[in-house]
Structures are given as structure tokens and as C-alpha cells.
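J.: Before we start, here is the structure in question, set down as C-alpha cells.
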Amino acid sequence: MISGVAERYAGSLHELAAQANSVAKVEGDLTRFEALIEGSDDLRRLIESPVFSSDDQLKAITAIADKAKITGLTGNFLRVVARNRRLFAIPGMIAAFRRIASEARGEVAADVISAHELTAAQKAELKAALKSVAGKDVAINLTVDPSLLGGMVVKMGSRQIDTSLKTKLASLKLALKEVG
């Protein structure tokens, strides 16, 4: 779920990025920063914990952004977010920025969770199938979750299509409980 705070920050960042003609660069930088968060428990703790002071968060984010070569607009944005003690909302800000950028390009955003990494051909086929359903280009945000066992879950707007083996097994288990 994306909060109002995340929406406002993402909207402001998109507006600045559009003026600077650097939406794609900012989107790439945010994706890299998101990967850093997912790959580091310490960074996740820094972002989520209210224990760290604004100064501590600012110093840490500055060091991380510099080391990851996240500079310019995105680097400044991360520093402002840290200074304003809004780091807890950064995952929502990234998601909101992606959605806003997709809409500005005339695309529909689709969150896809698959049991395994998709090949380029599978991604292209999925994109084509989703485009035929949506009626416009689709930007796919792909996440891998091995616990699905097989299949995928696609969320596009208010629609969700769940073809995962995990859900099918849960439905079968429920049906068997009702029979017995």
C-alpha cells in the first residue's frame, strides 16, 4: 500500500525529473537503491527503525548513495527524504514513482510475481498478453518468489490473476476439507 506521503514525494520527484528530462535515469537509480535495500538487512533496519536520528540517517544515506554512484536528482532526493525523517516510506515512494512514470509514458504498470526468473522470450510473451488485456503498453515489475512453486501472480490496477501452484494447492486443500 502506498501512503499519501509516498505519493506526494514521488509526484514531486517525477515533476523535477520530467523538467530535467531524466525520468529514465531517476527510475534506474531508484531501482538500484531498491535492490540495495532488498540485499541488506542493515540498510532495511536503518530505513525502518525510528531509533536512528535524522543526522545518522542522512550520513548513512549520503555514504550509501555516493558509494552506489546514485548522484544528481536521485541522490539529492534520498538526502531530502532522510533529512525529513521519511526513509520509512521510501519503498512506497519508489513504487509510486514507477506508477507515475508509467502513466506519464501511457503505460499500465503490472506487478508480476513468478516462481522463477523469466527468460527474455517469456517476458516478451507476457508483456504482449498483458498489452492485449490492458489495451496499452505494459511496464512489468517482476519479482521472484520461489514459495509460489510454479506459475505466477499478476496485479494490474485493481485486477489480480493468480495462477500460482501454491494458490491452487491451497484451494484443493480447502476443497478436500469441505468434502471430508
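J.: Which members of the stretch 142-171 meet the condition of being in contact (Cβ under 8 Å) with a residue 40 or more places away in the chain, touching an Asp or Glu at 6+ places or on another chain (Cβ under 6 Å) and open to solvent by 50 Å² or more (accessible area, probe 1.4 Å)?
T.: Lys155
J.: Same structure, new question: If a residue has to be open to solvent by 40 Å² or more (accessible area, probe 1.4 Å) and assigned to a loop (DSSP other than H, G, I, E, B) to count, how many in the stretch 3-30 make the cut?
T.: Total meeting the criteria: 3.
J.: If you don't mind, another one. If Arg79 passes every condition in (1) touching a helix residue (DSSP H, G or I) at 6+ places or on another chain (Cβ under 7 Å); (2) under 24 Å from Gln19 (Cβ atoms); (3) free of Cβ contacts under 8 Å to residues at least 40 places away in the same chain; (4) open to solvent by 60 Å² or more (accessible area, probe 1.4 Å) but one, which one does it miss?
T.: The single condition Arg79 does not satisfy is (4).
J.: Within the stretch 31-48, is there a residue that is out of contact with any His (no Cβ under 7 Å at 6 or more places or on another chain), open to solvent by less than 60 Å² (accessible area, probe 1.4 Å), part of a helix (DSSP H, G or I) and of a type in the set (Asp, Glu)?
T.: Within the stretch 31-48, one or more residues are out of contact with any His (no Cβ under 7 Å at 6 or more places or on another chain), open to solvent by less than 60 Å² (accessible area, probe 1.4 Å), part of a helix (DSSP H, G or I) and of a type in the set (Asp, Glu).
J.: What about Arg85, is it open to solvent by 20 Å² or more (accessible area, probe 1.4 Å), in contact (Cβ under 8 Å) with a residue 12 or more places away in the chain, among the basic types (Lys, Arg) and more than 30 Å from Lys155 (Cα to Cα)?
T.: yes
J.: Any residue at all in the stretch 110-123 that's surrounded by 19 or more Cβ atoms within 10 Å (Cβ to Cβ), hydrophobic (A, V, I, L, M, F, W, C), within 22 Å of Phe33 (Cα to Cα) and modelled with pLDDT under 90?
T.: Looking for residues that are surrounded by 19 or more Cβ atoms within 10 Å (Cβ to Cβ), hydrophobic (A, V, I, L, M, F, W, C), within 22 Å of Phe33 (Cα to Cα) and modelled with pLDDT under 90, one finds at least one in the stretch 110-123, hence yes.
The values are calculated or read from the model by the stated rules, or taken from the named source; none is laboratory data. Source: prediction; values computed, not measured. Note that we place each Cβ from the backbone using ideal geometry, even for glycine, and neighbour counts take in every protein chain shown. Surface areas here come from the heavy atoms of the whole protein model, side chains and all, with no ligands, DNA or RNA. Shrake-Rupley method; radii C 1.70, N 1.55, O 1.52, S 1.80 Å.
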